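Just so it is clear, none of the values below were taken in a lab; they were calculated from the coordinates. Quick caveat, the model's predicted, so the values are computed rather than measured. All Cβ positions, even for glycine, are placed from backbone atoms using ideal geometry, and neighbour counts span all protein chains on display.
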Amino acid sequence: MKRTVLIATLVVMALTPLISAAQDFVMSREQMIAWTPEWKGERFPDGRPKVPDSILDRMTKVKLADAWSVLRNNGYEWQYEGQWEHVHLDDTTVMVGRAVTATFMPKRKDIDDALNKKGQAEGRLGGRNSWPIDTLKDRDVYVADLYDSFEGGPAAGGNLATAISVNSNNGVVFYGAIRDVEQIVNDVPGFKGWVKNFHPSYNYDGMLMFINMPTRIGVATVMPGDVVLASREGVMFIPPHLAELVCKTAELVQLRDLFGFQRIREKKYTPGQIDQKWSDAMEKDFSTWLNDHMDKLPVGKEQIQELLKERTW
């Protein structure tokens, strides 16, 4: 009995910050910092981690497989979700940005009424599905758990997609539906969206519960400020403190792949030699190749020089 009481007490203590935050829809700055303790860089006024634009720029060239490997090796195994529908028509599209999260639940009248009254008292305008959009900043990505909703669940159409595009210059990751797809494609240039499905209805069956709180997207756990990396393969949610490591590792892998492909085509090395640990002679060949091709490679010269400086092999 004492063990059960102790466990219950610990659970309540762990959830207290979230319960308190839920009363205000969002976490306070202090709570946000407490829930993202490994991020030591700049933050938005609300405490959300602000990964530098320079890292976001580099992230656009990162392959999902490379990011997945870095996260898994660092103990983050549930940061990927696949099997998406694309609002945009170009399968080569990549979206990178900082996550603004929202959590929706199936509508329950008493809770919905209470949340609406609280929002009105705080001076919030419009329907609750527009409130997260009002918080978006440049290079944000609106990430919403819509509990895989379909009819009665779309959280955005033409109007809100326009607002999302204007506020963030980016798009959405919706674990649920969106509407007005043809209108968005034709009239909201640059909008990008990874969604689970489409439906012509509007959001009458869901209610927004939380903004910028921890949320779940399929099997992935997402925190506000995570770096969103989305491509045709799926979506990765990268903890801010690992974003630069992901970039550095992916850049090195990309360079080694280019070197390996070239040497295989030249028949200097076999695929078996490239796929195993490289010999000292191959590593020296790679270093020479990097220096010789410094100005022609897809990774920037400064990044290559940094990688060469930090290499321990």
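Relative to the longest principal axis of the Cα atoms of the chain, helix 109-121 runs at roughly 80 degrees. Between the entries (i) 31, 24, 18; (ii) 40, 24, 17; (iii) 51, 27, 21, the label attached to semi-axes √(5λ) of the Cα gyration tensor in Å calculated for this structure is (ii). For the peptides 70-79, 119-128, residues were scored by their other Cβ atoms within 10 Å and the scores averaged per peptide; the highest-first order is 70-79, 119-128. Our note on the geometry: Cα centres of the range 166-200 and the range 92-161, 13 Å apart. Here's the list of lysines a cross-link from residue 117 could span, going by alpha-carbon distance under 25 Å and ignoring same-chain residues fewer than 8 apart: 107, 109. Here the gap between residue 219 and residue 90, fully extended at 0.36 nm per residue and compared with their Cα-Cα distance, gives a gain of 43.9 nm. Of the residues 299, 228, 96, the one that moves most in a GNM of the chain with alpha-carbon contacts below 10 Å is 299. Only helical runs count toward this figure. For the chain, summing -39,500 (n - 2.57) over DSSP H runs of n ≥ 4 and dividing by all residues gives -12500 deg cm²/dmol at 222 nm. Looking at the chain, the DSSP beta bridges with both ends there are about 60 percent antiparallel. Quick check: Cα centre of the range 202-216 to Cα centre of the range 221-295, how many Å? Cα centroid of the range 202-216 versus Cα centroid of the range 221-295: 38 Å apart. Computed packing ranks the peptides 260-268, 53-61, 230-238 as 230-238, 53-61, 260-268, most packed first, by mean other Cβ atoms within 10 Å. With everything on Cα atoms, drop me the angle between helix 280-292 and the longest principal axis of the chain, reported from 0 to 90° to the nearest 10. Orientation of helix 280-292: about 80 degrees from the principal axis.
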